[in-house]
Each structure stands twice: as C-alpha cells, then as structure tokens.
Amino acid sequence: MSSSSSSVVEMEIFQYIDVHQSDFIEDLKEWVAVESDSVQPDLRKEVIRMMALAADRLSALGATVNLVNLGSHQLPNGQDLPLPPVILGELGKDPQNPTVCFYGHVDVQPAKKEDGWKTDPYTLTEIDGVYLVIRNLYGRGATDNKGPVLAWINAVETFRALKLAMPVNLKFVIEGMEEAGSLGIEKLLEKENQYFFSDVDYIVISDNLWLSNKKPALVYGSRGNACFFVECGSKDLHSGTFGGIIHEPLMDLIALLDSLVDPTGRIQIPGIYDSVAALTEEERKLYESIEFDLEEHKNNSDVKKFLYGTKEEILLHLWRYPSLSIHGIEGAFHEPGIKTVIPAKVIGKFSIRQVPHMDLSVVKQQVMEHLEGVFSKRNSPNKLKVSMPLGVKPWLADVNDPLYTAARKAIKTVFGEDPDFIQDGSTIPVARMFQTITQKSVIMFPIGAADDGEHSQNEKISRHNYIEGTKVFAVFLLEISKLH
C-alpha cells in the first residue's frame, strides 16, 4: 500500500470512529454495568456473564470463538468455585498476513459507592475533566481493562464496517480472572503453545497506563515481585502478668521489619543490589526524553513528598532498582479500642519488587539470611519462620523490536507526537508468561492516562483516550502489515 493510499484509508477509519464514538461509549456503558468482580466469590456469575458478552461481541465481528473451560478452584473455606472460561478468538487466516494476538481481561477490582466514589461505579458517567476540552468516562473497568479491550474490538469493527480488508490476522485471548491472579491462564498458554499460538507473530497487551496525563507511552518492562511472610511467636499472654519479663513476638517482628529499609528507601539486605545491571548510555537517553511532571504525579496520587527530587532519580527507583514495601501484620490487635494482650503469633508481610538479572532463589536466600542474622542478635526464644509464598520474575522487551517501531509510528500518526518509552514499576505476570512460553515478540501498548485511577475510587478513561485509542489500534494494525 502506497503512503498516499494508506493516508486515505486512515482518514476513512478516523471519520468512521469519530461519527460512531457515541455508539462506542454506549458499548462501554453496557460492559461497565456488569459487576464482573473476580475477587468476590458471590459475583462469579457476573464474571461468567461478562465473558459471554465479550464472546458474543467477537462472534458478531465474524470471529471464531472458543470459550475454554478451565475447571474450578478451591476457596480458603473449602468451597469449589467455577473459573470463568477464557476466550480464544480468531479472525482471518490469510497466510500472506502477519498474525497479531491481543490479550486483555474483562474482570474488575471490587468497587462500592460508599468506598468514596463520586458516582455509581457500575454506571458509566461522563463528566468534564480539569481541562474543559477533556471529558472523562467514570466507572469500574473503564480503563482497567474493559475500555482498552473494547477499543481493540471497535478498531476491528471499523475495518469490517468500511468493508476494508483486514491488514493482519487477529487472535484474541480474553480472560476473567486477571484481578484474582489469572488462575489457570499459564497452563492454558502452555497447552495451546503448539496449537493456537503456533502461527502468532506478535502479542499485544493493553493493560496499563501512560506515565503522563497527556503524552502517550509504550511500555517495555515491568518489575517482578517476591512476597515474604515473617512469623514470630507461639501463645497469647496477658500483658499485666508477662509484660516486661518476656521477649514479645510483636516486638521481635517490628525489629525485623525495621531492619529491612533505611529512611532513604534503600534496602538494607546485604547483596540485594549486586545483580542489578548497570545503566547503559542508550537507556539513560530514554530517561532524559521522558515527559514526567513530579507535581502532576504527586497530585494524581495525593502524595505530599517523594524520596527523590529529580525526574531521573524517581524513574530509576520506580523501574531500574528493586524496592521493598511492608504491607501489614497479621495477628496483632487492630480493632477499635484496646486489648491488653501480648499476641501469640504475628506474621509480617512484605514484598520486594525485583528487576532484571535478579534471581528469585538468590533473593529468597539473601532475605532469609538477613532476617535470621537480625533475629539471632535479639537472643529471643521465640520461633522465627520465613517463607516466600509468591515469586514472579520481571519482564523486559527490546525497544528496537519492529513491533515497537510500528506502535511508535501509529502513535505519531494519531496523536501527533512520538511516545515515551517507559517501564512499569508494578508486576505484570502475563507479559512474561506470553514471552517465556510462546517465545514471540510482546509489546505493552496502553491507552489510559496516568490519572485514570485503575484499582482506585473514581476510575475513569477520558473520552479522548478511548476514541483516539481506537484509532491508534487501527493504524497499528496497518503499520504491522507493512512489516511483512
């Protein structure tokens, strides 16, 4: 396709999307209305209903859709609960075209109006933003991840409605348990690797956010996560009878937790930074060009002060260096009022976000040796138990991969500027799963802005990002076809 004919096709696509944007918003409203909360067992039927809605939408586009049964899982109370099926969809089998696989999810985090929402979380509500030219669409799942999933479907619908030949073959993997740990998805990927994924060239994930409120971004890495439990103690005792004459488990635990990080945020576990790769000059230049407003970031998260004062330091510590966060203490009295008991057994919970080249088994050993060393100096008779119930490795892609070049060109065409190339400080297991199991090129291509509030009260996506995101996905497919 010549550049002039390509421009004509793009203009046709943009006009169709602009004319039909109200229809696309109505579709999102219908999806947001489904309380597909995968965390709450009593809402599992709603998740399954949401999967059926998404399957029907793909079928209407002419896709072959297979709802794969993943069986059930057991809750802590022993109850067996059915897992929602996973959608494997396929549209087009032209051997001359590249095959793109899109991954997304249609389950959501819990949300209640009384948690601090300004609107009903399951009624998509359009409200003017801070900038009057921006209108925001508020609702649970608007940006995470129903909006982006629908933007992909809208892009495909546009090609079909305009009777344009699809420039690529498309496959869809849509699940309903992402917010609850993507139960069953890894085994499914392994099982289908030689079948459903055998002819896939590229994998696209649109399940995160830009770094800025206004400037588009492409994500090429995310940190891993190692979660730890530290357990101390044996039996409840009366503080009046035993306070002051015993080693209290909670005091032992607080001392252990206090030893993990210094006031500057630096992890105090010996050797933890040894495997962190040195910053290359190429990567340093990426950081310099990134648009990142510290004040805007503070306002988005309602944080008064960061540990670091420059853009580069903040981003390095979000993406390139490991971090340690303490999440809670199980077993300590936390109800209103006071209870003068020395708790028997307390469990501290913390996690380490690790970066590429850090070995999970080495991190676990370093943590255990550090905690055992601190504990031994206390001469406490209490029992210490350290465990790592969850360990997820980081993910890293090559920004010079042709897939990123195609995405950058699509963004330049639609948004009029080059994107920032960023990493995500959180952990996105599915990206590494796809990369490791399929050995295909993986890109994370977000359309949500930094202030969208995924997982938070008043989650939203702007009308602008939802509609322009639909355009950018359509152009992205055109750009991928040029790679072949």
Restricting the search to the stretch 397-414, which residues are among the basic types (Lys, Arg), surrounded by fewer than 18 Cβ atoms within 10 Å (Cβ to Cβ) and touching a residue at least 24 places away in the same chain (Cβ under 8 Å)? 409
How many of the residues in the stretch 180-206 are of a type outside the set (Gly, Ala, Ser) and touching an Asp or Glu at 6+ places or on another chain (Cβ under 7 Å)? 1
Of the residues that sit in the stretch 405-451 and are within 18 Å of residue 472 (Cα to Cα) and acidic (Asp, Glu), which one is nearest to the chain's Cα centre (by Cα)? 420
Tell me which residues, restricted to the stretch 90-108, are touching a strand residue (DSSP E or B) at 6+ places or on another chain (Cβ under 7 Å), assigned to a loop (DSSP other than H, G, I, E, B) and open to solvent by 20 Å² or more (accessible area, probe 1.4 Å). 92, 93, 94, 97
Those residues of the stretch 6-37 which are in a helix (DSSP H, G or I) and among the small types (Gly, Ala, Ser), in sequence order: 6, 7, 22
Conditions (1) of a type outside the set (Ser, Thr, Tyr); (2) out of contact with any strand residue (DSSP E or B) (no Cβ under 6 Å at 6 or more places or on another chain); (3) surrounded by fewer than 18 Cβ atoms within 10 Å (Cβ to Cβ): number failed by residue 57: (3)
Where residues in the stretch 264-318 are over 22 Å from residue 451 (Cα atoms), surrounded by 13 or more Cβ atoms within 10 Å (Cβ to Cβ) and β-branched (Val, Ile, Thr), which of them is modelled with the lowest pLDDT? 276
Name every residue in the stretch 363-396 that is farther than 19 Å from residue 181 by Cα, hydrophobic (A, V, I, L, M, F, W, C) and open to solvent by less than 70 Å² (accessible area, probe 1.4 Å), in order of residue number. 363, 367, 368, 371, 374, 375, 384, 386
Looking only at the stretch 113-144, count every residue that is free of Cβ contacts under 8 Å to residues at least 24 places away in the same chain, part of a loop (DSSP other than H, G, I, E, B) and surrounded by 13 or more Cβ atoms within 10 Å (Cβ to Cβ) and tell me the total. 1
Which one of these is open to solvent by 10 Å² or more (accessible area, probe 1.4 Å) and either touching a Ser or Thr at 6+ places or on another chain (Cβ under 7 Å) or outside any helix (DSSP H, G or I) (or both): 155, 165? 165
Please verify whether the stretch 323-336 includes one or more residues that are of a type outside the set (Val, Ile, Thr) and open to solvent by less than 20 Å² (accessible area, probe 1.4 Å). no
May I ask you to verify whether residue 350 is crowded, with 18+ Cβ neighbours inside 10 Å and touching a strand residue (DSSP E or B) at 6+ places or on another chain (Cβ under 8 Å)? yes
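The values are calculated or read from the model by the stated rules, or taken from the named source; none is laboratory data. These figures come from a predicted structure and were not determined experimentally. Cβ coordinates were reconstructed from backbone atoms using ideal geometry, including for glycine residues, and neighbour counts include every protein chain displayed. Just so you know, the surface numbers come from the protein's heavy atoms only, side chains and all, with ligands and any DNA or RNA stripped out. Shrake-Rupley method; radii C 1.70, N 1.55, O 1.52, S 1.80 Å.
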